[in-house]
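What follows is a single structure, and I will ask about it in a moment.
The values are calculated or read from the model by the stated rules, or taken from the named source; none is laboratory data. Because the structure is predicted, anything quoted here is derived from the model rather than measured. Neighbour counts are summed over all protein chains in view; Cβ atoms, including those assigned to glycine, are modelled from backbone coordinates with ideal geometry. Please note that ligands, DNA and RNA were not included when accessible areas were found on the heavy atoms of the full protein model with its side chains. Shrake-Rupley method; radii C 1.70, N 1.55, O 1.52, S 1.80 Å.
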Amino acid sequence: MFSRPLRRTFTLLAAAALSITTLSACGSSDAVEAGSAGDELKGTKYIVGSKDFTENIVLGKIAVHLLKAHGAEVVDKTNLGGTVPNRKALESKEIDMYWDYSGTGWIEFLKNTKPIQDSAEQFKATAEADLQKNKIHWIGPTPLNNTYALAIRSEKATELGVKTVSDVAELAKTNPKEVTICIETEFSTRDDGLPGLSKAYDMNIPKDNISLLDTGVVYTETDKGETCNFGEVFTTDGRIAALDLTVLEDDKKFFPIYNAAMTLREETYQKNPAIEKVLQPVIAKLDDATMQQLNAQVDVEGMEPGKVAADWLDKQGFLGSAA
């Protein structure tokens, strides 16, 4: 494991590289030969979106490359924004598909308050309800569960004696100045974010103790321990291990299961159901360990998301020829 100053410098350099590469998020699809893996989607055209954090961008690039390799014409609109912009773009036909998560669908789109703890049941319930109510079709799920968590730098966790979110809630009562937290703006308002978490754990965090930051900055600031001791993280993020952060146990199981899946309008799916046949073998390979490695290649090593996606697909034999 890197020493803390070296780890921090390494990650900041990678973040700088990422900020440059993601500005050209619509590039790199030409690295894949059209129709190299088959012609099931020949004559079709799809606009692929994605959310604006590393994992979802990588997943979006995987879809872009894969669809092209199976003969489709693809317009790359990855790195489109947060959950709401992507969902609205999907519903308004500005994009044809993007990757979302079962827990997000269940809580955010379908307005349920209690998650289903069994991953298969959670996905089935989300997919069936979204199709019935909103005509949105879910293809999946992936094995990966990119749920939320709270993390803290490991030496501070030992100092404060915190291992669970309940420990943090207790610390907020006994020593509130230590409960400083860095989160994204979206997490600050979501029912499956800080408002719901605070309610579930009876945790009162003063507003002055909460810092709203961009995703990458949450990790680096949590690692530094100057702006905050605790940070909102995604459990499949490669920076957790690279920065030696400790993920706290969600001992009350508040956070839903977030299995990634492709979402598209039902009319799009019905026009060419072969899209599911193309996607499913790839979906089956996307587990937690795989996604952590792909995320780390971008966030820790500074690689371009499109190249990471193409390299992985090629190594798995999904492109039919070298990318």
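Would you mind stating whether LYS285 is at positive phi and open to solvent by 10 Å² or more (accessible area, probe 1.4 Å)? Step through it out loud before you land on a result.
Working: at positive phi: no; open to solvent by 10 Å² or more (accessible area, probe 1.4 Å): yes.
So LYS285 does not fit the description; no.
Considering only residues that are over 30 Å from VAL168 (Cα atoms), within 19 Å of the chain's Cα centre (by Cα) and not in a helix (DSSP H, G or I), which ones fall in region 255-297?
ALA261, MET262, THR263, LEU264, LEU286
From the residues in region 147-156 that are touching a residue at least 60 places away in the same chain (Cβ under 8 Å) and open to solvent by 10 Å² or more (accessible area, probe 1.4 Å), which one is farthest from the chain's Cα centre (by Cα)?
Initial filter on region 147-156 (touching a residue at least 60 places away in the same chain (Cβ under 8 Å)): 147-154, 156.
Still in the list and also open to solvent by 10 Å² or more (accessible area, probe 1.4 Å): 147-148, 153-154, 156.
Numbers: THR147: 8, TYR148: 9, ARG153: 21, SER154: 23, LYS156: 26 Å.
Top of the filtered list is LYS156.
Failed condition for ALA260, given (1) crowded, with 21+ Cβ neighbours inside 10 Å; (2) of a type in the set (Gly, Ala, Ser); (3) within 14 Å of ALA151 (Cβ to Cβ), with all others met?
(3)
Moving to a separate point now. In region 263-282, which residues are surrounded by 16 or more Cβ atoms within 10 Å (Cβ to Cβ) and basic (Lys, Arg)?
Once the filter is applied, which keeps residues that are surrounded by 16 or more Cβ atoms within 10 Å (Cβ to Cβ) and basic (Lys, Arg), region 263-282 yields only ARG265.
Another question, if that's okay. Kindly list the number of the only condition in (1) closer than 15 Å to THR54 by Cα; (2) open to solvent by less than 40 Å² (accessible area, probe 1.4 Å); (3) in a loop (DSSP other than H, G, I, E, B) that fails for GLU301.
Condition (2) is where GLU301 drops out.
A further question follows. Under 8 Å between Cβ atoms, which residue pairs at least 6 apart in sequence (or on different chains) link something in region 223-252 that is more than 13 Å from ASP299 (Cα to Cα) with a partner that is open to solvent by 30 Å² or more (accessible area, probe 1.4 Å) and aliphatic (A, V, I, L, M)?
Once the first residue is more than 13 Å from ASP299 (Cα to Cα) and sits in region 223-252, its partners that are open to solvent by 30 Å² or more (accessible area, probe 1.4 Å) and aliphatic (A, V, I, L, M) give THR227/LEU213; ASN229/LEU160; VAL233/VAL247; THR235/VAL247; ASP244/MET1; LYS252/ALA200.
Of all helices (runs of 4 or more DSSP H) completely enclosed by region 45-142, which ones contain at least 1 residues that are open to solvent by 50 Å² or more (accessible area, probe 1.4 Å) and more than 25 Å from MET303 (Cα to Cα)?
Values: elements: 54-69, 83-91, 119-134.
Fully inside region 45-142 and qualifying: 83-91, 119-134.
Yes or no, residue by residue, for (1) at pLDDT 95 or above; (2) closer than 23 Å to ASP287 by Cα:
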{"site": "LYS42", "(1), (2)": "yes, no"}
{"site": "SER50", "(1), (2)": "yes, yes"}
{"site": "PHE53", "(1), (2)": "no, yes"}
{"site": "ASN56", "(1), (2)": "yes, yes"}
{"site": "ILE62", "(1), (2)": "yes, yes"}
{"site": "GLY71", "(1), (2)": "yes, no"}
